């Protein structure tokens with residue numbers, strides 16, 4: 001049976017000496033440093049691509065929820081709002097804060113949820129959403145300027 005080791009690999013006691021023939025590189029007129037640069041760059045690109053693919057792909061049997069929060073009048077992003085994800089019986093599942101563009105993303109189990117979006121300068125908004133596994137659902141919430149006193153009264157009476 002033939003050896004799987006390269007032809008130029010020789011053993012001397014317990015130490016291994018490796019001899020590589022680079023004469024074929026000189027025939028291609030490619031320097032070793034350029035070859036190393038190319039191989040390193042290719043490995044880096046493959047590594048980053050694989051990492052992004054696994055990050056952006058939802059886990060099996062999970063759904064992706066993308067909430068976009070905007071001012072109803074100006075359509076500008078509201079980045080400092082609070083997004084609460086609740087069960088249909090109002091049990092808190094997760095709390096999110098939108099990024100600078102007003103977007104918040106999370107992965108959840110399939111099912112029905114309620115989104116409650118609040119901000120001190122706006123009226124609270126609630127949306128019902130049905131998430132399906134392996135699918136992405138986008139919910140746009142436009143906040144309207146609120147009445148701070150009216151909201152305090154509603155909270156007092158749990159409405």
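Peptides 87-99, 35-47 ranked from most to least packed by the mean count of surrounding Cβ atoms within 10 Å: 87-99, 35-47. A compact globular protein would have a Cα radius of gyration near 2.2 N^0.38 Å; the ratio found for region 62-147 is 1.03.
Evaluate the relative contact order of region 74-144 (contact order divided by residue number), counting alpha-carbon pairs under 8 angstrom at least 6 apart; express in whole percent. Relative CO of region 74-144 lands at 27 percent.
A short reminder: the numbers here are calculations on the coordinates, not readings from a lab. Note that the structure is predicted; figures quoted are calculated from it, not measured. Positions of Cβ are generated from backbone atoms using ideal geometry, with glycine treated the same way; all protein chains shown enter the neighbour counts.
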